[in-house]
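Let me begin by presenting the structure, written as structure tokens, before commenting on it.
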Amino acid sequence: MDERRSSVLPDYPESPSEHKPQPKKEPGSEKEITTDNKHAECEYQATNEALLLPPRAHKSTRNKQNQTWRSRSSTIALALTLTVLLGVVIYTLWYSMLATQQITAFRVGMQHTVVDTVGGGGLVAAKQTFNVQFPLPEHVLTIMAQPGDHVKINQPLIRLDATQLNAQVQQAFNDAAAAQAYLNSVSSGAINPVTVAAAQNAYQVANNHYHALVAQTNSPTLRNGNLISPVNGVVVNVLINPGEVFGANEILMTLMDQSSVIVHTQLPLANLQQIHLGAPAQITPSALPNINLKGTVTGIIPQVNPQTDTFQVDVTVAQPQQILLSGMSAFVRVQSQQDAFVIPRIAVLNPDTESTVFVIHNGRAYMQQVHIAGSAPDIIYVDSGLSLNDQIVVLPLNRLHNGQQVTINTVER
């Protein structure tokens, strides 16, 4: 039986507890082991657990520990960076707002006469245009000038029918003579005063008409039956043909004087106070950029163009050679003179728009807006916003705020 059992049942290792003798536990020994060797047991247990973990578990644990360490390091670095930045900001604010700034100042001196130019585009127009007319209805025989012809003063332009003109004058003379005869007859007879007054009025009307015709026929524009040119110019339009009869004061021909022209230019409204009558100007035709002509300001129109913020200035140009033609475009530079203070360019903030300087009053720097009248490479001309002997800050402008207390190291002049 035992043999059969041994052949069927497997062999099991013997339990150590069955063969190894257990040490005797003395009183108090268990407590001592628990108290004294607790830490050693924990380490032993952790070591055994670590040994029992698979390799992937070891790697995951190490990654988590590394991530935790890196996160703590990043947090510490960010905190240090923020602390440094906060310190820099606090120091900068304290330095710029509370600290007294050491500066270099400039004392504003006497005003100087500043010569500058103001430019703008314009269009050329004839200075004088003449309409050839006649005060009486008349018949045209011949047209002696055509559009584009250059004519001289007193040159014949239109030949009229002298017979008709003479007939009109003769008829007016006869009417005046008849009215005179009637007035004499009623005045010598015993006729009532009303009739005499009416005769006197009729004679006055007829006599005035006659003398008006005589004066018109003696007009400077009529000579030997011809209408003549009053100026040296160019024929622009001819509005009548030979053989036609025109009415009284009807425009027959238009002449344009080319000996001098006017350039109507538009200048910036900001320069209105700088432009004066009689100021010299330089005109450059757009079609002839190598030619510069001299002109004079003869008109200032104080009316603003709201679309361009400009105003009109008329510049008269004498041109014996007749280079400028009506309708041409040109660029005009008007010379202006005014009194202004001269200050360093580096003392001005935004010299192109809303120019500002720091003016020193009672040991503090205050922002003051100024108006710039002109400039040069290293200087600015200011015509308003400053006074004689004002002290302004030259350096350093980037560290100042309005009302900051300053101490002047040096003063430039």
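The values are calculated or read from the model by the stated rules, or taken from the named source; none is laboratory data. Just so you know, these numbers come straight off a predicted model, no measurement behind them. All Cβ positions, even for glycine, are placed from backbone atoms using ideal geometry, and neighbour counts span all protein chains on display.
A few remarks follow.
- Filtering the stretch 229-247 to residues that are assigned to a strand (DSSP E or B) and under 10 Å from Val151 (Cα atoms) leaves Gly233, Val234, Val235.
- Residue in the stretch 263-274 that is in a strand (DSSP E or B), closer than 30 Å to Thr353 by Cβ and hydrophobic (A, V, I, L, M, F, W, C) present: yes
- Flag if Pro280 is outside the structural domain of Asp161 (by TED's automatic domain parsing), in contact (Cβ under 8 Å) with a residue 40 or more places away in the chain and surrounded by fewer than 17 Cβ atoms within 10 Å (Cβ to Cβ): yes
- Residues that are in contact (Cβ under 8 Å) with a residue 12 or more places away in the chain, part of a loop (DSSP other than H, G, I, E, B) and not aliphatic (A, V, I, L, M) are absent from the stretch 296-303 altogether.
- Residue match in the stretch 74-83 (condition: outside the structural domain of Thr310 (by TED's automatic domain parsing) and assigned to a strand (DSSP E or B)): no
- Taken over the stretch 132-160, the criterion of being touching a Lys or Arg at 6+ places or on another chain (Cβ under 8 Å), assigned to a loop (DSSP other than H, G, I, E, B) and within 8 Å of Ser229 (Cα to Cα) is satisfied by Asn154 alone.
- Leu239, sole failed condition from (1) touching a strand residue (DSSP E or B) at 6+ places or on another chain (Cβ under 8 Å); (2) within 14 Å of Val140 (Cβ to Cβ); (3) touching a residue at least 60 places away in the same chain (Cβ under 8 Å): (3)
- Residue in the stretch 255-262 that is farther than 22 Å from Val231 by Cα and either out of contact with any Ser or Thr (no Cβ under 8 Å at 6 or more places or on another chain) or free of Cβ contacts under 8 Å to residues at least 60 places away in the same chain (or both) present: no
- Only one entry in Val194, Val151 is modelled with pLDDT of 90 or more and of a type in the set (Val, Ile, Thr), namely Val151.
- Residue in the stretch 224-245 that is over 25 Å from Phe130 (Cβ atoms), out of contact with any Leu (no Cβ under 8 Å at 6 or more places or on another chain) and surrounded by fewer than 17 Cβ atoms within 10 Å (Cβ to Cβ) present: no
- Any hit, the stretch 94-116, residues being at pLDDT 85 or above and of a type in the set (Gly, Ala, Ser): yes
- Scan of the stretch 277-292 for residues that are in contact with a strand residue (DSSP E or B) (Cβ under 7 Å, 6 or more places away or on another chain) and in a loop (DSSP other than H, G, I, E, B), ordered by number: Leu277, Gly278, Ala279, Ser286, Ile291, Asn292
- Residue tally, condition part of a loop (DSSP other than H, G, I, E, B), in contact with a strand residue (DSSP E or B) (Cβ under 9 Å, 6 or more places away or on another chain) and either of a type in the set (Lys, Arg) or on the phi < 0 side of the Ramachandran plot (or both), over the stretch 311-338: 7
- Among the residues of the stretch 328-346, not a single one is without any contact (Cβ under 8 Å) to a residue 40 or more places away in the chain and over 30 Å from Asn398 (Cα atoms).
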